[in-house]
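Have a look at the structure below, then the notes.
The values are calculated or read from the model by the stated rules, or taken from the named source; none is laboratory data. Nothing here was measured: the structure is a model prediction, and the numbers come from that model. All Cβ positions, even for glycine, are placed from backbone atoms using ideal geometry, and neighbour counts span all protein chains on display.
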Amino acid sequence: MADRLLVTGATGHLGRTTVQRAVAAGWSVSGTYLTAPSAIARERLDIRDPAAVRELLHRLRPDAVIHTAAGRDDWHAIADGAAHVAVAAAALGIRLVHVSSDAIFSGREVHYDETAPPDPVYRYGAAKAAAETAIRAIDPTAAVVRTSTILGDGGGAHEVLTHQLASGRADGVLFTDQLRKPIHVDDLADALLELATNRYPGIINVAGPDVISRYDLGLLVARRDGLDPALIPAGAIAERGLRLPADVRLRTDTAESVLRTRLRGAQEFMARVRVVHLSGPAFQALADGDVAAANALSPVPVSDYLAGPACRSVWRMRSRQAGEDPQAADWVTGIIWDERRRTAVGRAGFHAPPDADGMVEIGYAVDPAHRRQGYARAALEILLARAAREPGVRRIRVSIAPDNVASYQLASQYGFRKVGEQWDDEDGLEFVYEAPAGRS
């Protein structure tokens, strides 16, 4: 891994998330801001000033730059600023990962792969297209990441707009005929970090697999956050005579073959309950019972229960696994997170990646303060859906204490059948249940 990373625009939704996830992954990170510093953005930078860009990169000498900064309506920041960053990085031999957008397309072709030339129909898209052209001319080895609508944890522009429309604090509608392939900010940040080290050159599309309209995406936000869906206003681009891209779908075959990062669909990541994966350092902080350190490393706030004695042996085990195999962190125990309540309610995950026979074992535990509210079922369904999607998984196992009738009754509803017994050094006698992957 490169040790030093610079993230431009670190006060924005994507930039902030990228910094946080980079720190958790072990990078030494510097973040930039324009008007107001923060704990993770301490380097002031106006990317419209080429001398300032050169000075900062020369002083910090990062191994990689992830360029997320851009003003929405500022051509000089979007186009010229990207060129200034590319020139300064290329002069010092620094790896550059630039964030572009599907706004460079008109929607006339609908499906766009990495070879598709830009044909923007409005100013922002034209500026992003100009930025791409400049970067590719200056440094053909730079990664140019075309992405789509970014959501996650309530901070995405579409999430904020949906709340404003529902509360009457903003006028307008969400379009039923404007289709995109949204991506979770965590997935995009992880992909950017991966591209900072894998040296992929040129354009790459990074977006989620689900095609959905702006309006239907707003409904998902409303349901997740407990808003009344009837308050979300709908409309059509065609009705209003607007010149906007309608149906733009980025093909992601290259990303799926090049990246290890799994790009989740909106239907999955906009669910009210999800399992949030952690890093090795976060596992260790929880094993140590250090809530402050765990919160600094976790994508979501942890609870006293998760950092308490009932969970520490699990976190110690997961910390060891992540140390031996960093990719295991995406499989093993994470946090059961309630998006609507913004609360960690338990832990869930697989015991390990699939073994040579395609077997995975599920484990989950709900905080006693949040039991009997459907969280165990939600966590089980999330894990079963993940197992069904993974081609390397053929069978699923769960081990249940003989007196845990509720867990047995839940598992039996999803096709699990008893296949044996085992003795666990910590939990004692357990009944072992198995089901084929894909059965629900």
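Odds and ends about this structure:
- Apart from one condition, T343 fits all of (1) hydroxyl-bearing (S, T, Y); (2) within 24 Å of the chain's Cα centre (by Cα); (3) within 27 Å of V393 (Cα to Cα); the exception is (3).
- Residues of the range 198-238 satisfying the condition of being within 24 Å of A137 (Cβ to Cβ), surrounded by fewer than 18 Cβ atoms within 10 Å (Cβ to Cβ) and modelled with pLDDT of 95 or more: P201, G202
- Set side by side, the residues V432, V393 differ, and just one is surrounded by 14 or more Cβ atoms within 10 Å (Cβ to Cβ), touching a residue at least 24 places away in the same chain (Cβ under 8 Å) and in a loop (DSSP other than H, G, I, E, B), which is V393.
- Counting only strands (runs of 3 or more DSSP E) that sit completely within the range 21-134, those holding 1 or more residues that are over 21 Å from the mean Cα position of the chain (by Cα) correspond to 28-33, 95-99.
- A single entry from Y408, Y414 fulfils the requirement of being surrounded by fewer than 20 Cβ atoms within 10 Å (Cβ to Cβ) and touching a Ser or Thr at 6+ places or on another chain (Cβ under 6 Å): Y414.
Results for (1) within 20 Å of V185 (Cα to Cα); (2) under 22 Å from the mean Cα position of the chain (by Cα), shown as yes or no for each residue.
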| site | (1), (2) |
| --- | --- |
| D288 | no, no |
| V291 | no, no |
| V300 | yes, yes |
| P309 | no, no |
| A322 | no, yes |
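- Residue within the range 186-203 that is aliphatic (A, V, I, L, M), over 17 Å from the mean Cα position of the chain (by Cα) and not in a loop (DSSP other than H, G, I, E, B) present: yes
- Residue check, A356 without any contact (Cβ under 8 Å) to a residue 12 or more places away in the chain and in a loop (DSSP other than H, G, I, E, B): yes
- A388 being among the small types (G, A, S), in contact (Cβ under 8 Å) with a residue 60 or more places away in the chain and either in contact with a helix residue (DSSP H, G or I) (Cβ under 9 Å, 6 or more places away or on another chain) or not in a strand (DSSP E or B) (or both): no
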